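Below is one structure, written out as structure tokens; comments come after it.
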Protein chains: 2
Amino acid sequence: MEDLEGGVDYLADERKKAQFDVNAMKILWAGNQHRFQIADRMARLVASDPEFKKDDRVRLERKELFKNTLRKANHAWKRIIELKLTEEEASQLRFFVDEPAYTDLHWGMFVPAIKGQGTEEQQRKWLPLAYRMQIIGCYAQTELGHGSNVQGLETTATFDPETDEFVIHSPTLTSSKWWPGGLGKISTHAVVYARLMTDGKEHGVHGFIVQLRSLEDHLPLPGITVGDIGMKFGNGAYNTMDNGVLRFDKVRIPRDQMLMRVLQVTREGDVVKSDVPRQLIYGTMVYVRQTIVYDASRALSKAVCIATRYSAVRRQFGSENGRETQVIDYKTQQSRLFPLLATAYAFRIVGDWLKWLYNDVTERLQANDFSTLPEAHACTAGLKSLTTSVTADAIEECRKLCGGHGYLCSSGLPELFAVYVPACTYEGDNVVLLLQVARILMKTVSQLGSGKLPVGTMEYMGRAEHLLQSQCSAQKAEDWLNPDVVLEAFEARSVRMSVACAKNLSQYSNPEEGFLELSADLVGASVAHCQLIVVSKFIEKLKQDITGEGVKEQLQALCGIYALSILGKHLGDFLSTGCIKPKQASLANDLLRSLFSKVRPNAIALVDAFNYTDHFLGSVLGRYDGNVYPKLYEEAWKDPFNESAVPEGFHEYVRPILKRQGNAMLHYVVAAFYSSQPVIELASLYTTIIEQHQSPLLQDDEQCSLG
Amino acid sequence: MEDLEGGVDYLADERKKAQFDVNAMKILWAGNQHRFQIADRMARLVASDPEFKKDDRVRLERKELFKNTLRKANHAWKRIIELKLTEEEASQLRFFVDEPAYTDLHWGMFVPAIKGQGTEEQQRKWLPLAYRMQIIGCYAQTELGHGSNVQGLETTATFDPETDEFVIHSPTLTSSKWWPGGLGKISTHAVVYARLMTDGKEHGVHGFIVQLRSLEDHLPLPGITVGDIGMKFGNGAYNTMDNGVLRFDKVRIPRDQMLMRVLQVTREGDVVKSDVPRQLIYGTMVYVRQTIVYDASRALSKAVCIATRYSAVRRQFGSENGRETQVIDYKTQQSRLFPLLATAYAFRIVGDWLKWLYNDVTERLQANDFSTLPEAHACTAGLKSLTTSVTADAIEECRKLCGGHGYLCSSGLPELFAVYVPACTYEGDNVVLLLQVARILMKTVSQLGSGKLPVGTMEYMGRAEHLLQSQCSAQKAEDWLNPDVVLEAFEARSVRMSVACAKNLSQYSNPEEGFLELSADLVGASVAHCQLIVVSKFIEKLKQDITGEGVKEQLQALCGIYALSILGKHLGDFLSTGCIKPKQASLANDLLRSLFSKVRPNAIALVDAFNYTDHFLGSVLGRYDGNVYPKLYEEAWKDPFNESAVPEGFHEYVRPILKRQGNAMLHYVVAAFYSSQPVIELASLYTTIIEQHQSPLLQDDEQCSLG
């Protein structure tokens, strides 16, 4: 019989098993020493401040929850000012507070929209107000009827030449703005996206600054209908945010509140394009998508940390008059968990690389060099799609990997899943993005014969002739350790899938019709391309110098696990395109199994390297000290539901059932039927009832009460 | 521009497209006319009763939520009595009330445990009390430290020969009972599973009836510590249930409260086996697993109904000066949604077949025929595992298929996912079950040469010699319409995977070590076997007479979609084992696409055939009339959060930020940093700030307020 009061034992022993320098890995995970120190300091700052407690979040009713979030946002802002935090520090502080709030939209969408789409004059007028938070803004684009198809937005902005104003109006129910965060209750202003109408003509969708609420009493201004859209998935989670609904009843704004950096409307109502290239918008898009990919690695690593630690604490089966086996020692657990651990590292590495890509794109844009934009766009769109979908699925998989206790809110995983999953939908629907990638892939394939060589993440396509013929050279399991073997297999798979799609597409006289018909296959080709990008960036990273004893070896093992588990999961692709043979797949599977064994002693240290505080993880199962069971037990008793031994409603609704007098036969015949799972062997039940009715035991109802 | 006020249009037109007799399909889905009528009547009874309203469930705080559930349970019981409902009707009523409650455990676990494991005398004493609900019981098996490994339970029941009592005790923290439903607040009694100890010896785990609470004041009895384990995943969902924690401090019970049908303890403390065969326990297990498989088809069909209807309502992209394209017309949507629709039908069909299997097993047990038990056990264990895992993933996929609005609680899908997902963990952890199936598969393979032919769902293994050599005969896409072609491919895949596992296992000198090492591959072989069972039962169904014009054609299309989408998803298996060639996989993919087109006009009618009321679906997106947008809008305003235009906390925590005076430079330099997504182009921000500080605009703070 185990003594589990000191759960802490397990993880201390586990930590001793590490075969690499954990501190060096912490620096690698954070990016560099500087970033590590800032993150570490800010995490501890938040964790040690009682104002930022979050363990009761899942219990709070909506109004209380929201008020609490406002309190924390206010407190965070005070701390930032008091401590004179830099931009980077403040950003990290907000991240560790770990609660969606209106400030995310004010700083993350409203301000950048004005900076990116406002003229210099408009920026001079509005930015100081926004920076001082004399106004609070949000980004009102999505409507009830339109999300992905931005050009289909229905809100109108009609120029009135008599008053030099735009009239903002919601002509239909489906034109109601719906979803924007910070909109429902807090924002005083919004950048509103609407169809520009002048002189009876339409000019596409543009942004307009609109005041929504009075700066005196915070009530909606005339013509403005605004409110919250209701409860969302999960306990706590995104319910801390006031996602809003917004309708305009002919609301008038000065003409100069149209954001006019790219397109202007003159006093006469003429529409004039500025000489600012439209491509500049890509800079913002690349930036935002880089942050989303990086954020995926953060969410995924959180989930993996919890599941890995708990898998080492939890023991079940396998004892022979001694301790049972740690769940993390089962190959079934490793084969599900370790690929997710590897993926967390893979996504961190590709997220870091995307920072470089963003800087590269920005420099080129400043030099009016748009040549790499299509590839950068495809790359970031695809990676946004891939990393968010994989991470969402992985968080839920981590929750399931925690068995029964993963279902408790105190595991931290239900809320993490619910708060993360919208990433698959915002900033681009994931399927729509992959189809955009597919278009660029098809275009690249079509240009292969032209002498125009593909660049960047598409570069391998230029080697299509070789890759369409290449044979995988793996003869034994260890051959799959060779990154060149892995890379070639992934490149060959991607080229062959894209070329096959292109061939099938060419059968259609109407290419658009073909694209629609074959869209599922095109998505498959895009996924292959995106997975290749991640694998290749991981392999590239491993070619660099990496400090810390044993660190590179661990990353090599994780890289192998990442690539080979994808190979196993998508084996149909690799085999049907002839990239590898079944025997080689079997060898890869053998190597994968041995890589699991290699990682096993290092698993706890590999998640320690994320350097997450217990506060940030918000999980009893994922505690650093592994002291799970006493804390689970403690948490249960903290729940207000346990304040009374007899629950509300008992006397009204249950006691009458227990104390019901009357026709005994009727009672138990009828009551026996009251079940969502019918009583088994009902035939013998009837027999028993008849026998019992004649039993002396039932003559004395009072004697039946057992005290 | 669309007029979406009358969303109802879309579904009326959709319903006209159906190419089959929907009423006949409704009967088929329900099982037969009798079951259809009962379900229909009970669903409407519940839907029309305001006491059973559930649209505010996700907003309620825990105590209120729980009280509300007690109210509904009480009301349901009253209605059952008032209407004199039969067992079947009452069971359906409870199902449509759609809210986990203590009664599920009382009738579904407590009563069957007494019936299944109590002696006749014990049943005569306890069942009348339970039927009359003079006592309310639950099933206290799972502990904090032990779920799957029932033999590892730590609660002890030690016989005291002096007092003729058992002493029930929780010796460690991890021995605390944890999870049982109905335990935390309501149950007065429990069947408690504990290690039997007599005379210093252990005799395994057995069941004991223990009173937990006073029947007078409902307070826990001396030595009993009992309470709720805290919040669980999801809004509403399983938080309507009081899953409990329970500890015993040397609680004494009479000896005759040990359930002694299979094993007795005499007055002297001797342990005596009765002559009741242990195998009888399998009857209960098969029954419970059949209900779980059937329930999977119910939950999945609910989710698919919502996603399918909404996919026909939602339009995005594709317009050319007219209406945009319905999302359901996109092949990317069809390729994700239609396999789930097909799976719902497949699981309903296999769930119906399992009812036959249960009756067969029961008859054989009564005749002391245990020959089919291993196969029946493997079959139900595997199908429990497969159907629950697939359904859980599918419900979340359906939610994602509803795009942004799927994230609202009013879509019904968040709660459906959260309340369903424990099915993957209770009544057997899904991975553990698949490993049990694998053991039986390996045993069957090892016996192949012996002349002992496998039976039932293992029968195909007896044809291993042929299936190991068979070549798929498909030459054109339509060949995949032939059920024999499909069945042979699935049988060949399963045999080859099991045989390959057996071969690999034989390399290990220690078979147990081999089993552990190869457990991930063994799970794959089990999945292949279980998927084959579902496919073969679907194909068997289609060989029977099926009434209703066009009904069989639709089911044939769905059967094809079910099988071929599995083939595509697991293509690696089929190719690596050589069951099919890549060209044949491509043909299958082509046919799958054409089957999507075939099902498309029938999709709405196929989900109408589930005959779910809007009340039961609990989804604005899945409304029968398709009137989504007006109702989404309406629902938002019903939320109490919108009662006040200015939210609680605004004056305390936000207004001070808006009205803050003081050092303007400090404000906007610092505030600019307060963001989770750093302001883009910070360099130019600094420049702007410096410029602005010299701007005349900032001399007049008051002028900056915009009214």
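Only one entry in A:163, A:156 is out of contact with any Phe, Trp or Tyr (no Cβ under 7 Å at 6 or more places or on another chain), within 11 Å of chain B (Cβ to nearest Cβ), touching a residue at least 40 places away in the same chain (Cβ under 8 Å) and open to solvent by 10 Å² or more (accessible area, probe 1.4 Å), namely A:156.
When residue A:109 is tested against (1) farther than 21 Å from residue A:284 by Cβ; (2) at pLDDT below 95, only condition (1) is not met.
Determine whether the range B:528-542 contains at least one residue that is in a loop (DSSP other than H, G, I, E, B) and within 14 Å of another protein chain (Cβ to nearest Cβ). No: zero hits. Pairs linking a residue in the range B:208-221 that is at negative phi to a residue that is open to solvent by less than 10 Å² (accessible area, probe 1.4 Å) and of a type in the set (D, E, K, R), with Cβ atoms under 6 Å and 6 or more positions apart or on different chains, are B:220/B:213.
Looking across the range B:70-98, the residues that are farther than 22 Å from residue A:652 by Cα and of a type in the set (Phe, Trp, Tyr) come down to B:95, B:96. Whenever a residue of the range A:591-603 is within 18 Å of residue A:483 (Cα to Cα), its partners that are acidic (Asp, Glu), lying with C-beta atoms within less than 8 angstrom and at least six residues away or across chains, give the pairs A:591/A:478; A:593/B:517. Checking each residue in the range A:254-285 for being touching a helix residue (DSSP H, G or I) at 6+ places or on another chain (Cβ under 9 Å) and open to solvent by 60 Å² or more (accessible area, probe 1.4 Å) picks out A:256, A:261, A:267, A:279, A:281, A:282.
Could you go through the range A:293-310 and let me know if any residue there is of a type in the set (S, T, N, Q), open to solvent by 30 Å² or more (accessible area, probe 1.4 Å) and in the same structural domain as residue A:419 (by the TED database). If you could, list the steps in order and put the result at the bottom.
First, pick out the residues of the range A:293-310 that are of a type in the set (S, T, N, Q): A:297, A:301, A:308.
Imposing the further condition that a residue be open to solvent by 30 Å² or more (accessible area, probe 1.4 Å) reduces the set to none.
Scanning the range A:293-310 turns up no residue that is of a type in the set (S, T, N, Q), open to solvent by 30 Å² or more (accessible area, probe 1.4 Å) and in the same structural domain as residue A:419 (by the TED database).
Yes/no matrix, rows are residues, columns are (1) within 7 Å of chain A (Cβ to nearest Cβ); (2) crowded, with 21+ Cβ neighbours inside 10 Å:
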residue	(1), (2)
B:131	yes, yes
B:134	yes, yes
B:150	no, no
B:182	no, yes
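Return yes when residue A:463 is within 30 Å of residue A:592 (Cα to Cα) and assigned to a helix (DSSP H, G or I) and no when it is not. The answer is yes for residue A:463.
To keep it simple, each residue is scored yes or no on (1) farther than 23 Å from residue A:108 by Cα; (2) in contact (Cβ under 8 Å) with a residue 12 or more places away in the chain; (3) within 11 Å of chain B (Cβ to nearest Cβ).
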| site | (1), (2), (3) |
| --- | --- |
| A:357 | no, yes, no |
| A:362 | no, yes, yes |
| A:375 | yes, yes, no |
| A:381 | no, yes, no |
| A:389 | no, yes, yes |
| A:407 | yes, no, yes |
| A:436 | yes, yes, no |
| A:446 | yes, yes, no |
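Could you go through the range A:465-485 and let me know if any residue there is more than 14 Å from chain B (Cβ to nearest Cβ) and under 30 Å from the mean Cα position of the chain (by Cα). Looking through the range A:465-485, at least one residue is more than 14 Å from chain B (Cβ to nearest Cβ) and under 30 Å from the mean Cα position of the chain (by Cα).
Could we say that residue A:37 is surrounded by fewer than 18 Cβ atoms within 10 Å (Cβ to Cβ) and touching a residue at least 40 places away in the same chain (Cβ under 8 Å) here? The answer is no for residue A:37. For the range A:166-180, the tally of residues that are touching a Ser or Thr at 6+ places or on another chain (Cβ under 8 Å) and within 13 Å of chain B (Cβ to nearest Cβ) stands at 9. Only one entry of B:645, B:664 meets the criterion of being farther than 16 Å from residue A:101 by Cα and either modelled with pLDDT of 95 or more or of a type in the set (Phe, Trp, Tyr) (or both), and that entry is B:645. Scanning the range B:409-421 for residues that are facing another protein chain (nearest Cβ under 7 Å) and open to solvent by 20 Å² or more (accessible area, probe 1.4 Å) yields a single hit, B:410. Might you let me know whether the range A:330-344 holds any residue that is β-branched (Val, Ile, Thr), more than 19 Å from residue A:625 (Cα to Cα) and in a helix (DSSP H, G or I)? Yes; the residues of the range A:330-344 include at least one that is β-branched (Val, Ile, Thr), more than 19 Å from residue A:625 (Cα to Cα) and in a helix (DSSP H, G or I). In the range B:175-190 there is no residue that is modelled with pLDDT under 95, more than 29 Å from residue A:627 (Cα to Cα) and assigned by the TED database to the domain that holds residue B:112.
Before we move on, is residue A:289 in contact with a Lys or Arg (Cβ under 6 Å, 6 or more places away or on another chain) and either more than 10 Å from chain B (Cβ to nearest Cβ) or open to solvent by less than 10 Å² (accessible area, probe 1.4 Å) (or both)? Yes. Among the residues making up the range A:220-242, those that are open to solvent by less than 30 Å² (accessible area, probe 1.4 Å), touching a strand residue (DSSP E or B) at 6+ places or on another chain (Cβ under 7 Å) and facing another protein chain (nearest Cβ under 9 Å) are A:226, A:227, A:228, A:229, A:230, A:232, A:239, A:242.
The set of residues in the range A:265-279 being assigned to a strand (DSSP E or B) and free of Cβ contacts under 8 Å to residues at least 24 places away in the same chain consists of A:272, A:273. Tell me yes or no: at least one residue of the range A:200-219 is open to solvent by less than 10 Å² (accessible area, probe 1.4 Å) and outside any strand (DSSP E or B). Yes - at least one qualifying residue is present in the range A:200-219.
Tell me, which residue of the range B:243-253 that is open to solvent by less than 60 Å² (accessible area, probe 1.4 Å) and not in a loop (DSSP other than H, G, I, E, B) is nearest to the other protein chains (Cβ to nearest Cβ)?
So the residue we want is B:245.
Name the single residue that is nearest to residue A:412 (Cα to Cα) among those in the range A:302-329 being among the small types (Gly, Ala, Ser) and part of a helix (DSSP H, G or I). Top of the filtered list is A:303. Within the range B:503-522, the set of residues being open to solvent by 50 Å² or more (accessible area, probe 1.4 Å), polar (S, T, N, Q) and within 12 Å of residue B:439 (Cβ to Cβ) is empty.
Scanning the range B:77-120 for residues that are open to solvent by 10 Å² or more (accessible area, probe 1.4 Å), touching a residue at least 40 places away in the same chain (Cβ under 8 Å) and part of a helix (DSSP H, G or I) turns up B:88, B:89, B:92, B:95, B:96, B:104, B:105, B:109, B:112, B:116, B:117.
The values are calculated or read from the model by the stated rules, or taken from the named source; none is laboratory data. Note that this is a predicted model, so its numbers are computed, not measured. Reconstructed Cβ throughout: ideal geometry from the backbone, glycine too, with neighbour counts over all protein chains shown. Surface areas here come from the heavy atoms of the whole protein model, side chains and all, with no ligands, DNA or RNA. Shrake-Rupley method; radii C 1.70, N 1.55, O 1.52, S 1.80 Å.
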